[in-house]
Amino acid sequence: MFTPGGGQQPPRQPEFDLEQLFGRVRGLLGGAGGRFGGGNLGVIAVAIIALIIIIWAATGVYQIGPGEEAALRLFGAVQGSPVADEGLHWWWPGPVGNRDVMNVEEIRRMELGFRSNEAATNTPIPEEALMISGDLNIVDVQMVVQYRISELNNFLFKVDDPGEQLRAIPEGRPDGRTLKDGAEAALRLVVGQRSIDDVLVRGREVVETDTRERLQDILNGYEAGIEVTSVQLQDVKAPEEVRDAFDDVLRGRQERETRINQALAYEADVIPRARGDAERIIEAAEAFRRARIETANGEARRFEAVLNEYQSSPEVTRQRLYLEALEAVFPGVTKIIVDPETDPVLILGQNGSIIPAPIGPSPNP
């Protein structure tokens, strides 16, 4: 069609008639009603629609088991905190609503530097395991990271991760490349600050602790919703080219540690016994000293008592001392020789020796 001015007029669009559309629908329903019993068609249609709605709504029922949580979405938007109550729940079914039920208490595992298989053999991954220590040595480190989901919404929706096919981690979950790269970065940083001796022998526990803390800081910065429960070094060794030399050094250090431990054990055994003997000797000497002092004091007091008695009664005291001396001498005497012409009396002891008799008290003048 052309306009009077010679231009071409665009074709006229048909007008949309709502009443005409409803009339056609009523005509279709009326024709079908004639075949199925007239006016009951409307009731049947409503019942079918209601049944479809009920079935659709029933698909929104879901269950939460022990240790599980459910993240809810409505038209793609996250709705509040995850649901953690165990039992049956209902949420809008798709495509209106979505729910993601996951076990947040399960301890998951990630391997770095190697991959294990069902045959219980490990396949090394050199590009992940080889790293440089603080003293510029190359060390081969294999590590296992254990983790769990700490915040489900962050775990599902905060990090856009490409996933990892080797560990069957789907796209969008941060325990794929995000966790692996973070663990590798944390381990390389910790190993790069220490000597190879600390990594191989002396500081394995410290390396594990520092790596776990640094990895957790990285994941918290990403808001990945992951809690690292443990980091365990599996196989730490020198590269294959220099392994024999490193093994010799390690054996020498282990032997040195063994000798040191043996010396410490000998020291711990000998020194206490020597100290005990010294204490025993000191106590015996102290007891002997106290006994000698008490004996000397007793003798001195006895002498002073005798002196006091002698000063008060000299004759009586001299006679008593003479008799006491005879009592001390006579038990060992076998023979007594009395010679009127000799003074004092001679006494023969048990071995034939001559014992001078005690001098008797002087007669009174």
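Within the bounds of segment 210-218, is there any residue that is in contact with a Gly (Cβ under 7 Å, 6 or more places away or on another chain) and hydrophobic (A, V, I, L, M, F, W, C)? Looking through segment 210-218, at least one residue is in contact with a Gly (Cβ under 7 Å, 6 or more places away or on another chain) and hydrophobic (A, V, I, L, M, F, W, C).
Figure legend. Inter-residue proximity from segment 161-183: first residues touching a residue at least 12 places away in the same chain (Cβ under 8 Å), second residues assigned to a loop (DSSP other than H, G, I, E, B) and of a type in the set (Lys, Arg), beta-carbon distance below 7 Å, spacing 6+ or different chains. Indicated pairs: 161/173; 163/173. Could you grab me the full set of residues in segment 221-244 that are surrounded by 14 or more Cβ atoms within 10 Å (Cβ to Cβ) and in a helix (DSSP H, G or I)? Residue satisfying the conditions is 222 alone. Apart from one condition, residue 278 fits all of (1) surrounded by 10 or more Cβ atoms within 10 Å (Cβ to Cβ); (2) of a type outside the set (Lys, Arg); (3) closer than 30 Å to residue 208 by Cβ; the exception is (3).
Just the residues that are surrounded by fewer than 16 Cβ atoms within 10 Å (Cβ to Cβ) and in contact with a strand residue (DSSP E or B) (Cβ under 8 Å, 6 or more places away or on another chain), please, taken from segment 79-97.
Here is the first cut: in segment 79-97, the residues surrounded by fewer than 16 Cβ atoms within 10 Å (Cβ to Cβ) are 80-81, 84-88, 90, 94-96.
80, 84, 85, 86, 87, 88, 90, 96, listed by residue number.
Considering only residues of segment 120-130 that are hydrophobic (A, V, I, L, M, F, W, C) and over 26 Å from the mean Cα position of the chain (by Cα), which is surrounded by the fewest Cβ atoms within 10 Å (Cβ to Cβ)? So the residue we want is 120.
In the set (1) within 30 Å of residue 135 (Cα to Cα); (2) not hydroxyl-bearing (Ser, Thr, Tyr); (3) not in a helix (DSSP H, G or I), residue 173 fails one condition alone, (1). Here residue 231 fulfils each of the conditions (1) without any contact (Cβ under 8 Å) to a residue 60 or more places away in the chain; (2) hydrophobic (A, V, I, L, M, F, W, C); (3) in contact with a Lys or Arg (Cβ under 7 Å, 6 or more places away or on another chain) apart from (1).
Table: residues versus (1) at pLDDT below 90; (2) closer than 30 Å to residue 107 by Cα.
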{"residue": "24", "(1), (2)": "yes, no"}
{"residue": "30", "(1), (2)": "yes, no"}
{"residue": "40", "(1), (2)": "yes, no"}
{"residue": "47", "(1), (2)": "yes, no"}
{"residue": "69", "(1), (2)": "no, yes"}
{"residue": "73", "(1), (2)": "no, yes"}
{"residue": "84", "(1), (2)": "yes, yes"}
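The single residue among 100, 161 that is farther than 20 Å from residue 191 by Cβ and outside any loop (DSSP other than H, G, I, E, B) turns out to be 100. When only residues in segment 143-166 that are surrounded by fewer than 21 Cβ atoms within 10 Å (Cβ to Cβ) and over 25 Å from residue 98 (Cβ atoms) count, which is modelled with the lowest pLDDT? Filtering segment 143-166 for residues that are surrounded by fewer than 21 Cβ atoms within 10 Å (Cβ to Cβ) and over 25 Å from residue 98 (Cβ atoms), the one modelled with the lowest pLDDT comes out as 166.
Quick test for you: out of 271, 337, pick the one residue that is at pLDDT 90 or above and surrounded by 10 or more Cβ atoms within 10 Å (Cβ to Cβ).
Working: 337 fails: at pLDDT 90 or above.
Only one candidate qualifies: 271.
The values are calculated or read from the model by the stated rules, or taken from the named source; none is laboratory data. Given the structure is predicted, the values throughout are model-derived calculations rather than measurements. Counting neighbours? That spans all protein chains shown, and the Cβs are built from the backbone with ideal geometry, glycine included.
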